[in-house]
Amino acid sequence: MIALNASRIALGGAAVLYDITFQARSGEMVALCGPNGAGKTTLLRALAGLLPGIPAPDSRQVAYLPQGARSAWGLTVGEVVALGRLPHGDANHEAVARAMRLCGVMDLRNARIDRISGGQARRAMLARVMATEAKVLLLDEPTADLDPDAAHRIMALLAGFARNGGTVVVVLHALDMVRDYANRMVVLQRGRIVADAPPEEAMPIAAAAFGLPLGIDRRPRLLAPGSE
Amino acid sequence: MIRILAALLGMLMIAGLLLGASGLGWPSREILIELRLPRTLLAALIGAGLGLSGAVLQGGLRNPLADPGLLGIGGGAALGGMLAFYWGMSAMFAPALPIGGLLGAGLACFALFALAGRAPSGPALILAGVAISALAAALLTLALTLAPNPFALAEVTFWLMGGLQDRSLGHLALAAPPILVGAVILLRLGPGLDALSLGEDVARSLGRPVGHTLRWAALGTALVVGGGTAIAGSVGFVGLVVPHLLRPWLGERPSGLLGASVFAGAALLLGADLLARAGPMLLPLAQEPPLGVLTALLGAPFLIRIARKVAP
C-alpha cells in the first residue's frame, strides 16, 4: 500500500495540492481523474517521492512511470526494460523477459526505442516498470498513444496485477477505462480531492469537475475484450 | 570491441616508444626512459581520462554535445596554470604549473557546485559551466594582455595550445594520481547514467538521484581533466568525439561506453601525439604542431560525418 497525508504540497513555491489524504491499499487499482491542471500528476509524483521535502519510497517496492517519458539515447527495448532492475542491482533476465512478454514487446527487444511507434515505446516503458517487480505501481497515463485493443490489454494486465495483491495508482483521462477497470476513482479539482469512491458513485462528481453533462449513451462503442 | 581497441592502443604505444625526432628505431635506454616512455604513457593516460569524462558527461547531462570543456573545468585548469606562469612561480619551481592547473580545475568544480545548487540538474549544471568557462576565458585573456614580458606570453600561449613535448617521469608522477582516482570515480557511475537516460524523475524513482550522479561526474571530471590539462595544456575534442565514435559499434547505453571510451580516448590522443611527433619529419615544419590543433583536425571531420548521419 501507499499513502500520503499533506495539508499543502508546493511546486516551485506555489501551492498545487491542498488537504490531501490519500491511500491505496494492496489489491486496489485507484484511478486519479480530473481536468488538466487539477494536480493529478503532482499527486502521483508526490507519492513517488519526487517532490522536495517528501521522503522517497523504497525504489524496489514502488515503481513510477512518468507521462510521456522519452529516452535521451537510442537504447534498445531490451535495454530500456532492463533498467527496471537497477533498484535491485541485478540483471534478472527472467524478470525482464516476463515483463516484455506481459506488455507485448518481446519481439521488439532488439529494436531501438526511438525507431518504433509511440504506442510500442509506451508499452516498452511500461515493461520497464513491470520488470522492477514492485508491489506498488504509480502510472501516469499508461494508455496514452495506445490503440483501443492495446489499451484494454494493458488495463486488464494492471487490473490482474491489483487482483493478485498489488497496488496500482493510475492517472487516466479515459473515463470509460476508469469505469471498466478501476476499483476506486479519486477526482481532483483545483488541487483538492473532491471525490474518492467506486467509479459508479464518483462519476457524477467527475462530470461536474469537467463541467460536462452525465448521461447514458446507447450508441455503439468499443467494449473491453470479451464483454459482449 | 574493447579487445580491438586495447590491441590498437598497444600497437600505438609500441610505436610511441620507437618513434623519435631521429625517426623510427630502438632508442638508447636513457631516451627511452626519460623521454619516450613518459610521453607515451602521458598521452595514453590523459587521452583515456578525456575520453572517459566525455562519455560520462554526455550520459549524465543527456546531451551529445557535452564535453569537459562545457563545464568550465578545462577553462579553470588553463587559468590556474596560466596564473602559475604569470607570477613566475613556474620559473622558480617547475611543478607549479601543473599544480596550478589542478587547483584551477578544483576551484572551477567548487564554483560549479556553488552555482548549480545542492541538487544539481542537467540544465543548471550546463548553465553554470558555461558561465565559469566564459569567466575563465576572460580572465585568461586579461592575464595574457597584461603579461609582464613577451617571453612569458609566448611560453604560456604554447602551453595553452596543448602538447607533450619534453615531459618527464616527474610530470607523469604528477598527472597519474588525479587521473587514476578520477577515472575510478567515473567508471563507477554506469548504472546512474543509464537510469538518467529516461529522465531525472525516472532516475530518482530507480534509486539513482540525478544530483548524486552529477556531483560525482563533475568531481571525477575535475580530477581527470585537471590532471590532464595541467600537463598537456588545453586538448579539446577528444572527450566530445570518443563517445560518438563508439556508439555505432557499441549501442547508445551510457554504461556500455565507459570502458571502451578509456581505450578509445587513449588511442586517439596517443595517435594524435604520434602525428605531432612525426610532423616535422613528414612536413616542412620547424617544430611539432600543437597537440590540441591536431586533435581538432582529426576530430572535426569525424564529427561532421556523424552529424550528417544523424540528420534526417
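The values are calculated or read from the model by the stated rules, or taken from the named source; none is laboratory data. Small disclaimer: the values here were computed from a predicted structure and weren't measured. Counting neighbours? That spans all protein chains shown, and the Cβs are built from the backbone with ideal geometry, glycine included. Areas reflect the complete protein model, heavy atoms only, side chains present, ligands, DNA and RNA absent. Shrake-Rupley method; radii C 1.70, N 1.55, O 1.52, S 1.80 Å.
Structure values in brief
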{"item": "Any chance A:I205 is of a type in the set (V, I, T), touching a strand residue (DSSP E or B) at 6+ places or on another chain (Cβ under 7 Å) and open to solvent by 60 Å² or more (accessible area, probe 1.4 Å)", "result": "yes"}
{"item": "Flag for A:L158 being within 14 Å of chain B (Cβ to nearest Cβ), on the phi < 0 side of the Ramachandran plot and not β-branched (V, I, T)", "result": "no"}
{"item": "Matching residues in region A:121-160 - criterion: being part of a helix (DSSP H, G or I) and charged (D, E, K, R)", "result": "A:R122, A:R123, A:R128, A:D149, A:R153"}
{"item": "All positions within region B:175-202 that are among the small types (G, A, S) and within 14 Å of another protein chain (Cβ to nearest Cβ)", "result": "B:G190, B:G192, B:A195, B:S197, B:G199"}
{"item": "Filter pass, B:F151 being free of Cβ contacts under 8 Å to residues at least 12 places away in the same chain and open to solvent by 20 Å² or more (accessible area, probe 1.4 Å)", "result": "yes"}
{"item": "Which numbered condition B:R36 misses (of (1) among the charged types (D, E, K, R); (2) under 18 Å from B:P177 (Cα atoms); (3) without any contact (Cβ under 8 Å) to a residue 60 or more places away in the chain)", "result": "(2)"}
{"item": "Residues being open to solvent by less than 30 Å² (accessible area, probe 1.4 Å) and either within 14 Å of chain A (Cβ to nearest Cβ) or small (G, A, S) (or both) - total across region B:285-295", "result": "1"}
{"item": "Matching option when the condition is over 18 Å from the mean Cα position of the chain (by Cα) and surrounded by 19 or more Cβ atoms within 10 Å (Cβ to Cβ), among A:V129, A:V81, A:V77", "result": "A:V77"}
{"item": "Among the residues listed as B:A222, B:A230, B:A217, the single one being among the hydrophobic types (A, V, I, L, M, F, W, C), part of a helix (DSSP H, G or I) and modelled with pLDDT of 90 or more", "result": "B:A217"}
{"item": "Restricting region B:248-284 to residues that are within 14 Å of B:G16 (Cα to Cα) and of a type in the set (D, E, K, R), the residue that is surrounded by the most Cβ atoms within 10 Å (Cβ to Cβ)", "result": "B:D273"}
{"item": "Lone unmet requirement of (1) within 14 Å of chain A (Cβ to nearest Cβ); (2) touching a residue at least 40 places away in the same chain (Cβ under 8 Å) for B:V235", "result": "(1)"}
{"item": "The listed residue being within 30 Å of B:P248 (Cβ to Cβ), touching an Asp or Glu at 6+ places or on another chain (Cβ under 9 Å) and not assigned by TED's automatic domain parsing to the domain that holds A:A224, out of A:R128, A:R122", "result": "A:R122"}
{"item": "Residues (at pLDDT 95 or above and over 15 Å from the mean Cα position of the chain (by Cα)) located in region B:172-190", "result": "B:V184, B:I185, B:L187, B:R188, B:L189, B:G190"}
{"item": "A:S26 vs. criteria among the hydroxyl-bearing types (S, T, Y), open to solvent by 50 Å² or more (accessible area, probe 1.4 Å), in contact with a Ser or Thr (Cβ under 7 Å, 6 or more places away or on another chain) and away from chain B (no Cβ under 14 Å)", "result": "yes"}
{"item": "Odd one out for A:G68, checked against (1) under 30 Å from A:R115 (Cα atoms); (2) open to solvent by 10 Å² or more (accessible area, probe 1.4 Å); (3) at the interface with another protein chain (Cβ under 9 Å from one of its Cβ atoms)", "result": "(3)"}
{"item": "Positions within region A:81-110 being of a type in the set (G, A, S) and under 17 Å from A:S59 (Cβ atoms), in sequence order", "result": "A:A82, A:G84, A:G89, A:A91, A:A95, A:A99"}
{"item": "Residue in region B:211-227 that is without any contact (Cβ under 8 Å) to a residue 24 or more places away in the chain, open to solvent by less than 10 Å² (accessible area, probe 1.4 Å) and within 14 Å of another protein chain (Cβ to nearest Cβ) present", "result": "no"}
{"item": "Subset of region A:37-60 (residues that are over 24 Å from A:I193 (Cβ atoms), more than 7 Å from chain B (Cβ to nearest Cβ) and of a type outside the set (D, E))", "result": "A:R60"}
{"item": "Region A:95-120, residues that are surrounded by 24 or more Cβ atoms within 10 Å (Cβ to Cβ) and either within 12 Å of another protein chain (Cβ to nearest Cβ) or among the hydroxyl-bearing types (S, T, Y) (or both)", "result": "A:I113"}
{"item": "Flag if A:D217 is outside any helix (DSSP H, G or I), open to solvent by 70 Å² or more (accessible area, probe 1.4 Å) and either in contact with a strand residue (DSSP E or B) (Cβ under 8 Å, 6 or more places away or on another chain) or polar (S, T, N, Q) (or both)", "result": "no"}
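One line per residue, one yes/no per condition, for (1) outside any helix (DSSP H, G or I); (2) open to solvent by less than 50 Å² (accessible area, probe 1.4 Å):
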{"residue": "A:D176", "(1), (2)": "no, no"}
{"residue": "A:D180", "(1), (2)": "no, no"}
{"residue": "A:V186", "(1), (2)": "yes, yes"}
{"residue": "A:E201", "(1), (2)": "no, no"}
{"residue": "A:L222", "(1), (2)": "yes, no"}
